[in-house]
Every structure is written in structure tokens, then in C-alpha cells.
Amino acid sequence: MKANPKDVFSGTYYIDGDVACAYGAAAAGCKFLAGYPITPSTEAAEAFAKLAPQIGAMFIQMEDELGSIVAVLGASWAGKKSMTITSGPGFSLMMEGIGFGAALETPFVIINIQRGGPSTGVPTRTGQADMMQARWGSHGDYEIIALSPDSPQESFEFTIKAFNLAERYRVPVMLMSDECVGHMTEKVVIPSASEIEVEPRRFYHGPKDQYLPFKPDRDLVPPMVKAGEGYRLHLTGLVHDENGYPLLDCDIDEVNQKSTTRRLVDKIRANADKIIEIKEDSLDDAEVVVVSYGITSRVALKGIEQAREYGIKVGSLRLVTVWPFPEKRITELAHKIKGFVVPEINYGQIVFEVERCSHGKANVVLVPHGGAGVHNPDDIFEAIKQVAKNKEKYEGVVEYRTSLERLIFG
Amino acid sequence: MSTEMSKEERHPIESWLRMDRIPHIWCPGCGIGTTLTAVIAALEKIEANPDEVCVVSGIGCTGRAAGYLKFDSFHTTHGRAIPFATGIKLANPKLKVMVISGDGDLVAIGGNHFVHAARRNIDLTVICVNNFIYAMTGGQVAPTTPLTAYSTTSPYGNFEPPANIPRLAEAAGAVYVARWTALHVRRLTKSIVEAIQKPGFSVVEVISPCAQYYSRINRLGDGLDMMKFYHQNSLIKHMEPTENLDIQYQEQIIVGKFVDRERVPFTELQKEGCN
């Protein structure tokens, strides 16, 4: 389905990544935003608040992030495409609602403009240290989808993509942006509505008394209904069956047999190949592969260029979809190359996924960064050099000591 | 269960309940069932279209209400019934959205949402069943436990001053506030009717016996003894200033309608704000 022209503000803009997210949400058909102000994400909520009356959407600034995310769930079940926008500390508070949303198979989008952490951290500066929290932050078993943009243009495009995936798989989708991308002002081209694909919500149309809110009919995903249309649905965060009823007095076998929890995981894992998007460059004859995402993939370009000038065959694998993780592709590459270089603005998160999937067949070097800024590309270049000449045996994840770290910690 | 029951054998409110989930989990002597009956009686009285009623509950004994009522019903996470209901109401203002939950859920863990939904005057009907204790988890001290009362986590008697729910609701901006006990079924029903019909944030507190935890640990007898206590110690005082509504351990409980005022609901203000 094409986007509704009323929701698309076509044109060429000079805006930051946060504002681009708001335009992306509008174009995707988002009609409800509940949020709580937090640096560095506020510009996105401000922009959406301004657009809301023009696109027939509702914006509410809630009392906290706990309430924001749950209001988003309520609105989604009342039939609106919904989202919230936050950053680190707010993201932590939203974990409860993320698990609840995943359990209820509620489509919604969370935009996380990451900042330095832990705790209050570095509110006005960048970080990429929420990546594992995005994947595992709420208790219990569930899967989510996470995307990572590297520019305002991608912030616009990936927000639409996030809504499309949320609706298709009835799952929380996270746009894991960061302060750099969020506050970076660049040219953003918003195409015409006819060029934007929008996934409509898949509604159930059968007999009302036969509707089962958690019975899948396609790709392990069930169709939805809206509250207030006579389906008399019941939803609970308790482990439940296809009907949405809690499995309270059942024995273990019955709980496992009837529970939807297994499917929460399977619907993403089984469809991973369809969901995953990666951007590859010069991987065919690469000896070293730089795995990166978000702002770091732009910084890495310079290091990769330096390495190529130096004569190293280096390729790049950029994670557009960070979760689910492109396990197969990493394993495939691990068998062919000397090693991976993983720069990220944290002390090691995605690097451990790369290591897990390389099954000991390739060296894995982390180029860490403590946050509040981005890498010096020279460090990425040096790490590439280190991997290229390293012929020693596999040692698990090796940390490259960056110039900044050497300066601070000696 | 295959034998057909005659009309006389059926419970009169069966059509409003998810009979496939009965029997319910509530203990003998509990006041939540009475409260639900009053809610259904109120909806019947105003001839509500059940397809347009949404019930949202949180966690706890009262939180299970959503599981038995045959409307679109949502059993949310602890404390989050009001923001979930807010999301539904704002996304579809035509729906009648009711929040039925306990004192711990609404006033402790969900206290911030309670205050701000009242301040915004979101058009919700909040039924707060107050049993003075966290019963689902086994009888711990609650924000409403009267001073000196025992609970499993106030083993020497509670020394925390309890919340006065009607006063909190009024101060935060609720347009309609009433309190009854589970004994006052007809008056409670009438208040729920008024609360549903009142545009804006309305709160009805229902003092309810917890015969298994609160009354047992405090040696107050069974559910019937609690009802007798309400009968002897409830004092109806409509429009009593809410500052006088603190509840002392085993002392008089003032019940009635305390607040009934006009404030423009959120969605109306928002429409004006947009123009």
C-alpha cells in the first residue's frame, strides 16, 4: 500500500535526524505519539507535536516513560499506529512496557536516540551502549526488531521501515539512533507518497465470536482487531493461549503446549531472513571485514579508506537491522577472512555477537569508545592493520587500545 | 457442562461475564465480586452498549476483574491500567473506558498516573477497590493500610500514614469522587452510574473486605464480620470535605459522594487547542 498523501510532507529539507524521525512517522501513518521529554530526543517529539493536528494524529506528553509506552500500547489496540520517542534512562523505564507489548503482540515503534550511559550518563552526547538492552532489556523470552540509521535521511526512511515491520510481525520495533545522528543536520529528501510503501495493519474479518487474538494465520503472525468493535477480546500479560486467556491452572505440559511464548520467539527467528537487511561493500575478496552500525559506520568509512590505500583488502558489513542479528552471513564470512573489526561506541556489545557467530574461525577485534563522541578513524585503521597482519591463533575478542584510551588510561 | 440450563437457573448477569473463565479466583467473603456486580448493574441501568465498553485493570486481586468481564478487557502490568486506558480513550474517544483496579495498583505503583490523568481530566471511570492490603502477594502493607494494623510486612503494626484516596483524587483534579463499602451495593451502583455519565476523570473508591489476609492477620473475623463492621460503622456524609476522610484502624468510615464538579475534559480542551 502507498502512503497517504496527507501524511507525507514531500520536499527537500535541511533537518536533523530527530526531526526526520517525526516526518518518517507521519509518512508511515503514525497517529499516536506518547512520550516524555528527554535529551537528546526532544526535537523528534516537538516536531511530531507540531505535525499532529495536520495529519489527524494525537500527541500526548505523559507523566513519565512508564506511562508513555503503555499509552502507546492502549492506542495501538484501539487501532492507531503508535510510537514513543526516548533516550537511555527513559528507555530503561520502558523495558516493562516493551515486554508487555511483545507479550500482547502489539505493533508499535520506539525511537531511542542513544546517549552516553550508564544512568544519567552524558545527556547531550552520543553513545551506542543500549544495543544489548534493546535485545534483552525486559524480563522473559521474547524477540524484537531493531534498526540503526546513520543519517537524517535514513532516520526518515528507517522510521517508516520500523512501522512496516511492526505491523507485519506484530512486534515492538526499535529505531536505535544516537545523539550524533539525531542532532546531525543534513539534506533530507521526502519523496512523494506514491514512492513510499506503507504496511497497513492486517485486520481479521471473520465471524466475531470466532476471533482468536493470538492464533497465527500467516508467517506465525495473527491478524488484529480494534477495541470497541464487538470482538470482546481479552488481553493479559500473563502467559496466555490463542484466546488470550491466562494459563493459570494448567500443568507444565499444557502451559508449554498452549502458550504463545514460543511463537513470540519463533515468528522473528523463522522470518529472520526476510527481516534482516545489511549493507555490504567489497566483501568478495576481503581479508578483514569491518562490522559497524549507526553513526560508527560513517566514521569507519574513513578508516576503511585509509586501510585500502595502505594495501589491505578490507570490506564493510553494515548492520541496518541489528536485531535479529545476521548470524548466517557472519558465519559464512568468518570461514573466509582473517578477522573482523568491530568499532562501537561502548565497551563491547555487538562484538560479542560477531564473535559468537564466527565460531572461532576468525579473529575479532573490538574498537571500543566510551561515548560522548565518535571514534578517531585512525584507530579503526590501526585495528584493521592489526587484524590483517595477525596470524596468531584465535583468542576470542581482542580489544584494540585506541589512541584516546591510551591517552587517558596510559 | 453440556446440559442446557433454564433461564431461572442462569445467573442474571451471565451475559456480561466470560462464563468460560468461571469459577473466579476470589476468596469467600471478598468484596470484589460485589463491586463487579455493581459495575454491571450500573452499565445495565444506563443501557450501555457492551461493544463500546473497555475495561482496563492492573495487577492484584482487583486486577483480575478484566479477565471476567465480557467487554474488550485488558489486564495490564502493575500500575499501568490508567495510562493504557488513556491510550485507548485518546485513540478512540467514543469508547466508555473504565479502570477497575486495587488501591496498591492505582495509588502506590500507579500513583503518578492516577494524579496526572486526574489533572488532565481524561474521561475515565476509575473504580478503586480498597482492601487495605496487598492481598494477591500474600498480605503485605499497602499505601492504604490504617495505622497500627498488622500485615505480613508490618508485623509490629503499621506506622506509615495511609493515603486518603478521595482527597488525593480531589486535589489532583477528579470531577467526581465517591466512596462506598462493598455493603452499600445500591448506593455504589448509583455512584458508578453517575461516575460513568460524568464527562471527565471520576473515581469511586470501594472499601472491600479482605477476609483471607487483612481480616485474618488483624483477627477481624470473616467476610461477614467485616460486612457487619461496615454496617455499624459507616456514616453517610455527602459532600463531606475530603480532608475529613482519613480512615483510622477499625474506626468510623465516612462514605458518600464528596466531589461533583465541572471541568472541561482533556479531549475537549485538545480540540479547542488545535483550532
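Computed from the coordinates by the stated procedures, all read-outs in this text should not be read as laboratory data. Note that the structure is predicted; figures quoted are calculated from it, not measured. FYI the Cβ positions are ideal-geometry reconstructions off the backbone, even for glycines, and counts take in every protein chain you see.
What net charge is computed for the residues neighbouring residue A:279, neighbours being all others with C-beta under 14 Å from the C-beta of residue A:279, Lys and Arg scored +1, Asp and Glu -1? Can you show the working numbers first?
Values: positive: A:161, A:298, A:318, A:329; negative: A:150, A:154, A:157, A:277, A:280, A:281.
Combined, the nearby Lys, Arg, Asp and Glu give -2.
Most simply put, chain A has about 30% antiparallel DSSP beta bridges, counting only bridges with both residues inside it. The mean number of Cβ atoms from other chains found within 10 Å of a Cβ in peptide B:89-97 is 6, as a whole number.
Averaged over peptide A:230-242, how many Cβ atoms belonging to another chain are found within 10 Å of each residue's Cβ?
Numbers: counts 6, 2, 9, 5, 13, 9, 10, 7, 4, 0, 1, 0, 0.
Mean shielding by partner chains, rounded to a whole number: 5.
In summary, the aspartates and glutamates within cross-link reach of residue A:187, defined as a Cα separation below 12 angstrom excluding same-chain residues under 8 places away, comprise A:16, A:154.
Other residues with beta-carbon under 10 Å from the beta-carbon of residue B:242 carry, at +1 per Lys or Arg and -1 per Asp or Glu, a net charge of -2.
So what does the Cα-only Debye profile of segment A:178-291 read at q = 0.20 Å⁻¹, as log10 I(q)/I(0), no solvent term? Results for segment A:178-291 at q = 0.20 Å⁻¹ read -1.16.
Loop only by DSSP, 13 or fewer other Cβ within 10 Å of the Cβ. Give me the GluC sites (Glu not before Pro) in segment B:5-86 that pass, ordered by residue number. All intermediate terms of the calculation are to be shown ahead of the outcome.
Values: sites: B:8, B:9, B:14, B:44, B:47, B:52; in loops: B:8, B:9, B:47.
Within segment B:5-86, the qualifying GluC sites (Glu not before Pro) (loop, at most 13 other Cβ atoms within 10 Å) are B:8, B:9, B:47.
Using only the alpha-carbon atoms, how far is helix A:65-77 inclined from the longest principal axis of chain A? Give it as 0 to 90 degrees, nearest 10. With rounding to tens, the tilt is 50 degrees.
Each Lys and Arg adds +1 at its Cβ and each Asp and Glu adds -1 at its Cβ; summed about the Cα centre, the protein assembly as shown shows a dipole of about 720 debye.
FRET efficiency for residue B:251 and residue A:248, Cβ-Cβ distance as r, R0 = 41 Å, nearest 0.05? Walk me through the numbers before you get to the answer.
On the way: r = 38 Å, r/R0 = 0.92.
Approximately 0.60, to the nearest 0.05.
For chain A, a Gaussian network of Cα nodes joined below 10 Å ranks A:93, A:238, A:147 by mean-square fluctuation, and the top entry is A:238. Kirkwood-type hydrodynamic radius, the protein assembly as shown: 26.9 Å, calculated from all non-identical alpha-carbon pairs.
Which net charge results when you count Lys and Arg as +1 and Asp and Glu as -1 among the other residues whose beta-carbon is under 11 Å from that of residue A:165? All intermediate terms of the calculation are to be shown ahead of the outcome.
Values: positive: A:161, A:168, A:170, A:274; negative: A:167, A:199, A:277.
Surrounding charge for residue A:165 is +1.
Counted residue by residue at 0.36 nm each, then reduced by the alpha carbon distance between them, the extension gain from residue A:139 to residue A:335 reaches 67.1 nm. Stokes-Einstein diffusion for segment B:235-275 at 4 °C, viscosity 1.567 mPa s, with a Kirkwood radius from C-alpha pairs, works out to 100 µm²/s.
A Gaussian network model of chain B, with springs between Cα atoms under 10 Å, assigns the largest mean-square fluctuation among B:40, B:196, B:13 to B:13. Go ahead and collect, in residue order, the members of segment B:32-57 whose backbone nitrogen is under 19 Å from a label point 7 Å along the Cα-Cβ direction of residue B:7. Zone members listed by number: B:44-45. Cα centroid distance between segment A:121-161 and segment A:196-262, in Å? Cα centroid to Cα centroid, the span is 27 Å.
A Förster radius of 22 Å, combined with the Cβ-Cβ distance separating residue A:6 from residue B:51, puts the computed FRET efficiency at roughly 0.15. In a GNM of chain A with a 10 Å cut-off on Cα contacts, which of A:353, A:382, A:309 has the highest mean-square fluctuation? Fluctuation is largest for A:309.
Suppose R0 equals 25 Å; then what is the FRET efficiency for residue B:268 and residue B:153 from their Cβ-Cβ distance, rounded to the nearest 0.05? Don't jump to the answer; show the numbers that get you there.
Details: r = 43 Å, r/R0 = 1.73.
For R0 = 25 Å, the calculated efficiency reads 0.05.
Taking the longest Cα principal axis of chain A as reference, the axis of helix A:17-28 is set at about 40 degrees. At what distance in angstrom do the alpha carbon centres of segment A:36-106 and segment A:306-367 lie from each other? When both Cα centres are located, 33 Å separates them. The fraction of Cα-Cα pairs per 5 angstrom bin, counted from 0 for segment B:14-274, comes to 1, 7, 14, 19, 21, 17, 11, 6, 2, 1, 0, 0 percent, rounded to whole percents. A straight line joining the Cα centroids of segment B:233-275 and segment B:36-95 runs 20 Å. The sum of -39500 (n - 2.57) across all DSSP H runs of n ≥ 4, divided by the residue count of chain B, sets its helix-only mean residue ellipticity at 222 nm to -8500 deg cm²/dmol.
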